[in-house]
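Structure first, then comments.
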Amino acid sequence: MFRTVANWLMRTLFHLLYRIELSGSDNVPRQGGFIAMMNHIYFIDPVLVGALAPRPIVIMSKIENYKNPVAALALRLYGTFPVHRGELDLNAIRTALSLIEKGHGLLMAPEGTRSKIHSLQEGRDGLAWLAVRSALPVVPVALSGHERLGSNVRRLRRTPFRITFGEPFVLQADPGLPQRPQLRRMTREAMYRLSALLPPEYRGVYSDLSQATSDTLHPYRQPEGQNR
């Protein structure tokens, strides 16, 4: 109930602040667990995706956001859970794996933190590990335009904002090859898939799409009866 009301309020606020262009909602699996991977520019990104996604998505949020008791209560009621950034947080990994295996959507930012230059940074391997371990689909989510919010609010202008849900894919490892190099390759290929959905100025270290490969990425087909 809390999440439903919160999403309604946030969608109302977002439509006052933004001119939202939303595309690709049909790419989000209608049932079952999945991982949504987003680029991360602005602090409000996870809430934007959570409120505008076609089905509920659980958000992994940095532990610092839970220091205030009121904020911590609101975050937990909304369905988030904490993660310690910059270290191997086994509790967060177990929670994430349990949630997606139970059929929930999980939102992750593979860069690990916000990009201060508004373009993609090097991706980390945690998302690839979860995707392989769970054998569940990954949905790239590209966000662009909203970093101009502050200046536009001062001018009483709505900010053009685009959110694109890309085609889902599954990451598959070769059991005969070492795990670490494979995870690195999967991360790189997944990040290029996300980069391709973004305007060129947002692609950062993944700007050269001619370097993109897809050897570990396989198309995900939604089961019969799930398509709209």
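FYI, it's all coordinate maths here, none of it is from the lab. Since we're looking at a predicted model, the values are computed, not measured. Positions of Cβ are generated from backbone atoms using ideal geometry, with glycine treated the same way; all protein chains shown enter the neighbour counts.
With bins 5 Å wide beginning at 0, the percent of Cα pairs of the chain falling in each bin runs 1, 7, 14, 18, 21, 18, 12, 6, 2, 1, 0, 0.
With both residues required to sit in the range 2-219, DSSP beta bridges show an antiparallel share near 30%.
Residues Leu75, Leu130, Leu194 in ascending order of nearby Cβ atoms (within 10 Å, fewest first): Leu75, Leu130, Leu194.
In this rough spin-label picture, where each label sits 7 Å from Cα along the Cβ direction, the Ala72-Thr4 distance is 2.9 nm.
In this label model, Ser214 and Asn65 are separated by 3.1 nm, measuring between points 7 Å along each Cα→Cβ vector. Shown for Arg221, Arg11: other C-beta atoms within 10 Å of each C-beta, ranked fewest to most, produce the order Arg221, Arg11. With the charge dipole of the range 2-219 set up from +1 on Lys and Arg Cβ and -1 on Asp and Glu Cβ about the Cα centre, the Cα lying farthest toward the positive end among the listed residues Asn152, Phe34, Ile163 is that of Asn152.
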